[in-house]
1. Toward the positive end of the charge dipole of segment 22-164, about the Cα centre and with charges on Cβ (Lys, Arg +1; Asp, Glu -1), which of Ala157, Cys71, Ile39 goes farthest?
2. Applying a 10 Å radius around every beta-carbon, put 109-117, 245-253 in order of their mean neighbour count, most first.
3. Measure off, as a whole percent, the carbon and sulfur share of the 1.4 Å-probe accessible area of segment 4-92, all protein chains present.
4. Sequence neighbours fewer than 8 away in the same chain don't count; with that in mind, list the lysines whose C-alpha is under 28 Å from Lys243.
5. Of the heavy-atom accessible surface of segment 283-374 (probe 1.4 angstrom), what whole percent is carbon and sulfur?
6. When a/c is below 1.5 the answer is rounded, else prolate if a/b is larger than b/c, else oblate, so apply that to the chain with a ≥ b ≥ c taken from the square roots of the Cα gyration tensor eigenvalues.
7. Check Ala197: other-chain or 5+ apart residues with amide H under 5 Å from its amide H, H built from backbone geometry?
8. If you take the square roots of the eigenvalues of the alpha-carbon gyration tensor of segment 56-194 and sort them as a ≥ b ≥ c, do you get rounded (a/c under 1.5), prolate (a/b over b/c) or oblate?
Amino acid sequence: MGSLALKDLYEGFRDPKTIRALVRSIETEAEKLKRDIHIMEVCGGHTHSIVKYGLHQLMPNNIHFIHGPGCPVCVLPKERIDHAYRLAMQSDVILVTLGDMIKVPGSKGSLQDARAKGAEVRYIYSPLDTLRIAKENPEKKVIFFAIGFETTTPMTAALIKHVIDEGIENILFHINHITVPEPMQLLLDAKRSKIDAFIGPSHVSVISGANIYKAFPEEYHTPVVVAGFEPVDILEGILMLLKQFNEKRCGVEIEYTRSVTPEGNLVAQKLIDRFFEKRTHFRWRGIGDIAQSALQLRGEFAYLDAERIYSELLPNREIDDHKQCICGDILMGAAKPVECTLFGNACTPSSPLGSCMVSSEGACAAYYRYGNVR
């Protein structure tokens, strides 16, 4: 793969003529189908593109989108938010995290609420900004509350490497990194929603490679196409899936070839493996426990692990969402945001009750922002 400029990732991938041509091709393939096809886009970024550009409105009547659990902020359970809240409220702590986490409600409130009460909570765009904050505040413990799928895990690993190499003693980590294949498998096993095919997440696949989805066509007879986030990417991915059905094939294919390979980024994978290992289990908000679906620091790095160091302070009790919130059903692909009685009324981006409305990748936020719901 040669050098890649930023414009190469999107230039020409919103062209109306290309979009119309792809829609016509999709319509032609859809006419050959013997039944309706339900396609889950796993990643919240895909959901936002689909709703933003109205791609769901361009589909033939026998092609249906299902929204998946690929929003790391959305699936973080309340007890993990409470961990962040409790840590932030310590007088000697500066809690650092990515911006989407600030408004996510836990049982005691959000990190924004903690900050209003005087806690030092800072949101950053790059984990490496944590180094500057720690150096500017040597008297404080700076705790990086790490979230995200395989996409952001290498950045946390890189930060850990800097902390060790530079001998920085006032940075700790609370790890909430999760992985994609396990919830996809749970969705198929649970059968709460009809899933005939997956649009695989692109940025995750840049790191992990498309081979991580091999089990789905081989064991579940469910094809996967890894597609980019632009309208042309998504439409081409749908066309590739329909051709698999009509040609009686079932496999893993890559539409996003300008960034994704079967093997992925081996350097990033090696860095992740150096510092992290799988948790035996991890609870997903609204979904439940999924075995082997999250990461934790390896034992040799326990001295950096805020979850272990502050274990007596952090609650372990599982905390469910608001009784009327259906984020769990939305994340499982069993419901759409507009089916929630709270959507657009009691629950809005400025006053969210559910995590799917908080995150910039959440399905509820996409429907509210682009669905003309006010």
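The values are calculated or read from the model by the stated rules, or taken from the named source; none is laboratory data. Treat the numbers as computed from the prediction; the structure is a model and nothing was measured. FYI the Cβ positions are ideal-geometry reconstructions off the backbone, even for glycines, and counts take in every protein chain you see. Surface accessibility is based on the protein's heavy atoms, side chains included, excluding ligands, DNA and RNA. Shrake-Rupley method; radii C 1.70, N 1.55, O 1.52, S 1.80 Å.
1. About the Cα centre, the residue reaching furthest to the positive side is Ala157.
2. Numbers: 109-117: 16.7, 245-253: 14.7.
Packing order, densest peptide first, comes out as 109-117, 245-253.
3. Values: 2000 of 4040 Å².
Here carbon and sulfur together make up 50 percent of the probe-accessible area.
4. Lys17, Lys32, Lys34, Lys52, Lys191, Lys194, Lys214, Lys336
5. On the way: 2060 of 4510 Å².
Accessible surface attributable to carbon and sulfur in segment 283-374 totals 46 percent.
6. On the way: a/c = 1.91, a/b = 1.53, b/c = 1.25.
Judged from the Cα gyration tensor, the chain comes out prolate (a/c at least 1.5, a/b above b/c).
7. His38, Met40
8. Details: a/c = 2.62, a/b = 1.87, b/c = 1.40.
Verdict is prolate for segment 56-194.
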